[in-house]
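Just below is one structure, and these are the notes that go with it.
The values are calculated or read from the model by the stated rules, or taken from the named source; none is laboratory data. Please read all numbers here as calculations on a predicted model, not as lab measurements. Side chains included, ligands, DNA and RNA excluded: accessible areas come from the protein's heavy atoms. Shrake-Rupley method; radii C 1.70, N 1.55, O 1.52, S 1.80 Å.
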Amino acid sequence: MAQVEATTERVVAADAEKVFDALADYRGTRQRLLPEHFSEYEVREGGDGEGTLVHWKLQATSKRVRDCLLEVTEPTDGELAEKDRNSSMVTVWRVTPAGEGRSRVVVTTTWKGAGGIGGFFEKTFAPKGLGRIYDAVLANLAAEVEK
């Protein structure tokens with residue numbers, strides 16, 4: 001099984017603190033950022049950053065749906081980590097200042113991929129598909145915080 005990684009980033013015209021707070025707001029803002037690939041969104045514990053437990057289904061392709069139950073931690077300042085209890089998937093959001101009134105948001109998702117030929121295709125194509133999904137999330141985030 002190979003490690004699979006997908007990384008997407010965007011510079012947003014808002015202060016890092018405002019951007020981070022929007023991402024960490026699982027009870028409010030976060031749900032509004034999710035495109036149609038996400039369904040059955042539910043905050044089960046917490047709701048603001050560290051200590052949150054959130055559920056959703058992620059439909060990465062027409063045939064592939066992941067049932068995600070994510071534990072949220074804040075390993076360092078400006079960082080949210082979402083670890084899926086149902087798989088090896090971990091998504092890390094990093095928000096850093098990028099000049100006056102601007103922030104860089106980098107989202108990286110990693111998981112243990114399948115072996116064999118299926119694993120080859122997963123490692124080749126899954127990051128591109130997930131990248132498109134997170135591009136949409138980051139575009140929605142920009143629209144939300146740049147108001």
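Could you give me D for region 1-60, from Stokes-Einstein at 10 °C and 1.306 mPa s, where the hydrodynamic radius is the Kirkwood radius over C-alpha pairs? Units µm² s⁻¹, please.
Estimated diffusion coefficient is 120 µm²/s.
Determine the relative contact order of the chain: mean sequence separation of Cα pairs under 8 Å and six or more apart, normalised by residue count, in whole percent.
Once divided by the residue count of the chain, the mean separation gives 34 percent.
To make sure I understand the rule: partners must be lysines, Cα under 18 Å from the Cα of Lys147, and not fewer than 8 residues away in the same chain. Which ones qualify?
Lys18
Which whole-number value in Å² is the accessible area per residue of the chain, probe 1.4 Å?
Using a 1.4 Å probe on heavy atoms only, each residue of the chain averages 53 Å².
Can you grab the distance from the C-alpha centre of region 59-95 to the C-alpha centre of region 8-31, Å, no decimals?
15 Å
Expressed as a whole percentage, what fraction of the accessible surface of the chain belongs to carbon and sulfur atoms when a 1.4 Å probe is rolled over the protein heavy atoms?
It is 49 percent, rounded to a whole number.
Where a ≥ b ≥ c are the square roots of the eigenvalues of the C-alpha gyration tensor, would you call the chain rounded, which needs a/c under 1.5, or, failing that, prolate if a/b is larger than b/c, or oblate?
prolate
If you average the sequence gap of Cα pairs under 8 Å that are 6 or more apart and divide by the length of region 1-66, what percent do you get for the contact order?
Contact order relative to length: 22 percent.
Excluding same-chain residues fewer than 8 positions from Lys63, which lysines have a Cα within less than 22 Å of its Cα?
Those lysines meeting the cut-off are Lys112, Lys123, Lys128.
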